[in-house]
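Just so you know, all these numbers are worked out from the coordinates, no wet-lab data involved. None of these values were measured; they are calculated from a predicted model. Note that we place each Cβ from the backbone using ideal geometry, even for glycine, and neighbour counts take in every protein chain shown.
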C-alpha cells in the first residue's frame, strides 16, 4: 500500500486519480459487456439450434419452434427468429419485415456502450500526456529557480512525475484498447450470427410455403 501511495505521489495525484477513475469506469463497462455477450446475448450452439428449428419448420411444427425460441431467451437470435416464426403463414415480405424490425431492436443491445471504451482509452492516454507536461513544467521551473542540490532534486522529481504518469496512462490505455478489440470481435460475431440465421430462417419458411403450395396444387389435380 505504501508503494502505491508513493507511486501516486510521484506521478502527481491529480493526474493519477484521473487515470484511475477512467480505468474503473472502463473496467465496469468491460464487465457489463462480457456478461451481456458471453452469458446473455450469444447463442453458443446456434448451428445445433438452427438444425432443430429447420426440422420443426419442415415438419410444420411451427408452434414447437416458437416454444423452442422462447425457452432460449434472453438470447438475441431466438428473439429475432420468433418474430418470423409467428408470421410463418403470412407472405414472405411480411416475414422479412418482421425479422428486420426485430433485428433492428436486437442489434443496438449488442453495440450499446462499447464505443465508449475507445473514448476512455483516449482519455487515459491524454491524462498520461498531461502528467508528462506537469512533470516537465516542474523540471523547467526547478532549472530556472532552484540552485545546487535542490535543483537536482527538483529536476529528478519532475522527470519522475512525467515518466510515471505517462507509463500509467499509456498502460491503462493499452489494456482498454486490447479488451475493446476482443469485445468488438465478439460483437461482430453475434450480429453476423443474427443476420445469417435470420436469412436462413426466411429461406426455410419460403421453402415451406412452396412445399405447401405444391402439395395443394397436386391435390387439386
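Simple spin-label model, 7 Å along Cα-to-Cβ: residue 31 to residue 70 in nm?
3.5
With 5 Å bins from zero, work out the P(r) of region 49-89 over every alpha carbon pair and list the percent per bin.
Spelled out per bin, shortest first, that is 6, 28, 39, 22, 5, 0.
In nm, to one decimal, how far is the modelled label at residue 113 from the one at residue 89, with both set 7 Å along Cα→Cβ?
4.2
If you average the C-alpha positions of region 150-214 and of region 14-70 separately, how far apart do those two centres end up, in angstrom?
Cα centres, region 150-214 to region 14-70: 15 Å.
Grab the eigenvalues of the alpha-carbon gyration tensor for region 88-135, scale each by 5, take roots, and send me the semi-axes largest first in whole angstrom. List each step's numbers first, then the result.
Values: eigenvalues 465, 7, 3 Å².
Values for region 88-135, descending: 48, 6, 4 Å.
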